[in-house]
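The values are calculated or read from the model by the stated rules, or taken from the named source; none is laboratory data. This one's a predicted model, so the numbers in the text were calculated from it and none came from an experiment. For neighbour counting, all protein chains shown are included, and Cβ atoms are generated from backbone atoms with ideal geometry for every residue, glycine included.
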Amino acid sequence: MSKKLLDMPKFSSEADEADWWASAAGREFVKRKSAGNVPDSSKVKGLDLVARLNNKPSVQIAIRLPEDDIAKAREIADRKGIGYQTLLKMYVREGLLREAAGR
């Protein structure tokens, strides 16, 4: 594969985008972005909770949620400057911790 920084293509659907991220080109894009090919000024530090969630081993699952819930999660995540899946992981974690504490 070429050493030049890959550009992310425009997608016609969410399925096309998911296929691209799962492809070798998508994985190479992530590797190059995370390898420091992004200027320090554009890197986002993120929340401490996000960093802790991302450092723990995880299991990939599929879950079906109502479209309205996904839309609301995306809206809130955009406002917070994080991904909607990260937001949902945070909410699941908070709920599990609260339930385990018996509150």
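Here are the numbers for the structure shown:
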{"item": "Options Lys33, Lys80, Lys43, Lys3; residue that is charged (D, E, K, R), surrounded by 12 or more Cβ atoms within 10 Å (Cβ to Cβ) and modelled with pLDDT under 80", "result": "Lys33"}
{"item": "Residues satisfying the stated conditions in region 51-64, i.e. surrounded by 10 or more Cβ atoms within 10 Å (Cβ to Cβ) and closer than 23 Å to Ala22 by Cα", "result": "Ala51, Leu53, Asn54"}
